[in-house]
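Contents: one structure, followed by commentary.
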Amino acid sequence: MSRYVKVAVSLPEDVFDAAESERETLGTSRSEFVALAIREYLRHEREREWARQDAEAYRRIPETADELAMASAMSRSGWAENPWEADAD
């Protein structure tokens, strides 16, 4: 069972009003809404950090010309197998 901690925060009125409107639309309690917002923020920041680490790895060890050529060829063959239908409705 999760333990809960009570927190008091001060928010700008416009932020509070927007959050209240969204919370009411979702039909959640303030606690649930704030927990969801914090979880989403933390997930977003984790993904940004993973992307940063990925980009840094490619800067340290960039793809070789052969790897880039192979990726390009694989990409082209994938498109050839699933062509766009120009006249699709």
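Using +1 at the C-beta of Lys and Arg and -1 at the C-beta of Asp and Glu, which of ALA18, LEU68, HIS44 has the Cα lying farthest in the positive direction of the dipole of the chain?
HIS44
Please name which of GLN53, VAL7, THR28 has its Cα lying farthest along the dipole of the chain towards the positive end, using unit charges on Cβ (Lys, Arg +1; Asp, Glu -1) and the Cα centre as origin.
It is VAL7, whose Cα lies furthest towards the positive end.
Take each of the peptides 32-44, 5-17, average the number of other beta-carbon atoms within 10 Å over its residues, and list them starting from the highest.
Put in order of decreasing packing, that is 32-44, 5-17.
Considering only the other residues whose Cβ falls under 15 Å of the Cβ of THR28, what net charge follows from Lys and Arg at +1 and Asp and Glu at -1?
For residues surrounding THR28, the net value is -2.
Add -39500 (n - 2.57) for each DSSP H run of 4 or more in the chain, then divide by its residues: what number comes out at 222 nm, to the nearest 500 deg cm²/dmol? Present the calculation step by step, with values, prior to reporting the outcome.
Details: 3 runs with 62 residues, N = 89.
Helices in the chain give a 222 nm mean residue ellipticity of -24000 deg cm²/dmol.
Treating the angle as unsigned and between 0 and 90°, give the value, to the nearest 10°, between the Cα long axis of helix 65-81 and the longest Cα principal axis of the chain.
That helix lies at roughly 80 degrees to the long axis.
Each residue of the range 3-18 in turn: what ³J(HN,Hα) in whole Hz from Karplus with 6.51, -1.76, 1.60 and θ = phi - 60°, glycine and Pro shown as x?
So the J values, rounded to whole Hz, are 9, 10, 10, 7, 10, 10, 10, 10, 10, x, 4, 5, 5, 4, 4, 5.
When 1/r is averaged over all different Cα pairs and the result inverted, which Kirkwood radius in Å belongs to the chain?
Over the chain, the inverse of the mean reciprocal pair distance is 18.5 Å.
Nothing charged except the Cβ atoms of Lys and Arg (+1) and of Asp and Glu (-1): what's the magnitude of the dipole of the range 13-79 about its Cα centre? Round to the nearest 20 debye.
Roughly 400 debye for the range 13-79.
In whole Hz, with x marking every Gly and Pro, tabulate ³J(HN,Hα) for the range 24-37 from phi via Karplus 6.51 cos²θ - 1.76 cosθ + 1.60, θ = phi - 60°.
So the Karplus estimates, Gly and Pro as x, are 5, 4, 6, x, 10, 6, 4, 4, 4, 5, 5, 4, 4, 4 Hz.
To the nearest 0.05, what FRET efficiency results for MET70 and LEU42 with a Förster distance of 35 Å applied to their C-beta separation?
The calculated FRET efficiency here is 0.45.
Read-outs: derived from the displayed coordinates by stated rules, not from any lab. Model, not experiment: these values are computed from the prediction. Neighbour counts run over all protein chains shown; Cβ positions are idealised from the backbone, glycine included.
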